[in-house]
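The structure appears right after this line, and notes come after that.
Coordinate-derived values only; no laboratory data. Treat the numbers as computed from the prediction; the structure is a model and nothing was measured. Note that we place each Cβ from the backbone using ideal geometry, even for glycine, and neighbour counts take in every protein chain shown.
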Amino acid sequence: MERTSGWIFARTLVLGLKKTSLGASSKKCLNYFMRTYQFQALNSDGQKVRGTIPANSHEQALQSLKLKRLQPITLQAQRFSWLYKNSSNTWTIEWAKDMGFFLKQGLSLLESLQTSKLRLNQRQKQLIDILLEGLYAGATLSQILAEHPLFPKIFIGLLSVSEVTGQYAQAFEDYALLRQEEADFFKQLRTSLQYPLVLTIIILGMVIGFSEFLFPVALEFFRNNNFEQHLATTLFIHFAEALKNIFNMFTNVPLVLAIFATLYLASKITKLKTAYSWLSLKWPIFGSIYLETLQSFYLKSFSTLLQRGHHVVQAAHYSADILQNAHLKDQAHKIERSIRNEGNVSLSLSKFLNLPKPLADLLLIGERASQIAIYSDICAQTLKNHCQHKLKKILAWTGPILVSIMGIVMIWMVVAIVVPLYDQIARMD
């Protein structure tokens, strides 16, 4: 009852504001709480126009566009713009699989889009509605999706070919396959690193707890009773002091805030971001695995686009978007320019992707045989198998090495305390 009265009071207040002499100021207040929709539409002359429009709902925004005699192509709420900027939304993989299945079963593109909303949440359904509105307005699916950064360029490229050939199902299946391989690899990497990460946390927790709580008490006891400090004890004292200084540095709030602010600003500078991406490829052991994985993704997408009918320059352009590394993405753009200027596909790929010589020779053979797409796929699969084998081999040794380190640390801590006690007991005897 109280809630109903509250709603009636709020509605009366809003209606009263509309009728007051404040006029413009009250409208500004109301518009502040309204959602802003960004749109692309066709005017009466068939020209594409862009803009924003305030509205309380999606339907109201559509009605406002119709009153302005605009045919909407895309319409999205700016309030949920983070949804379209997040390129890591994995729900598009399952959505693309569903779309490919529906299209193969004989449904039309519009029917497939309507049916694909069954497993989506409200915000995702809103995006599908935008796609449907654009299709009803006469735009192509690739044109509509190009307005949403949620979808990578490679998907736009696959769709642009399918719109000519009519093989929409193949485009959705190719996109789902490429994104699924990428998601599976990083999921496997995270799963594989869980055990080493847990062991590392245990070792750090054990060392911190011992050096901060148990060891200071034991050291005070040694000093009060004039115990002789042996080498293991002396070394652990220096280690505990260094560890404590490090922790004191991280407990300095102004310093930590300054570090985070510096890192954030550095991430916004393109050159520094590229330099950091280059350093990530130079990490010991894991850097080479990361590099080979990205090389594999690029060559796989490049091969897929070529097999679907794209020109090599277009394939290089769209494939660059799949790389999640700023340095390699710059190199991929150089591949595109090199192919356009020099026309040597295999040399451009090998040079700027930094491929091993055997794979570079293989691409050269493929180019001479006019089968660069097939040989690119072979190279991609070779890189994928090699980096997976290397990752399994490294992780097979990581666990025993960390367990050995944990054992050494435990023995060191025990020796640092037990040896002085044993020496003192021996002297008393």
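Below are the figures for this structure:
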quantity	calculated
For the stretch 181-429: rounded, prolate or oblate by the Cα gyration tensor [a/c cutoff 1.5]	prolate
Shape category assigned to the stretch 110-185 from the gyration tensor of Cα positions, a/c cut at 1.5	oblate
At q = 0.06, 0.08, 0.11, 0.13 Å⁻¹, base-10 log of I(q)/I(0) for the chain (Debye sum, equal scatterers on each alpha carbon)	-0.45, -0.72, -1.02, -1.21
Residue 187/residue 114 FRET efficiency (R0 30 Å; Cβ-Cβ; nearest 0.05)	0.45
For the stretch 242-365, convex hull of alpha carbons as volume per residue, Å³	125 Å³
Protection proxy ranking of 244-253, 170-179 - average other beta-carbon atoms within 10 Å, highest first	170-179, 244-253
Lys pairs under 28 Å by Cα in the stretch 328-429, provided they are eight or more residues apart or on distinct chains	16
Cleavage-rule hits, chymotrypsin sites (Phe, Trp or Tyr not before Pro), the stretch 308-386, DSSP coil, Cβ neighbours within 10 Å at most 14	none
Neighbourhood net charge (14 Å Cβ-Cβ; Lys/Arg +1, Asp/Glu -1) for residue 136	-2
Scattering profile of the stretch 311-429 at q = 0.18, 0.22 Å⁻¹ [log10 I(q)/I(0), Debye over alpha-carbon scatterers]	-0.95, -1.22
Helix 286-307 vs. the chain, principal-axis angle (Cα, 0 to 90°, nearest 10)	20 degrees
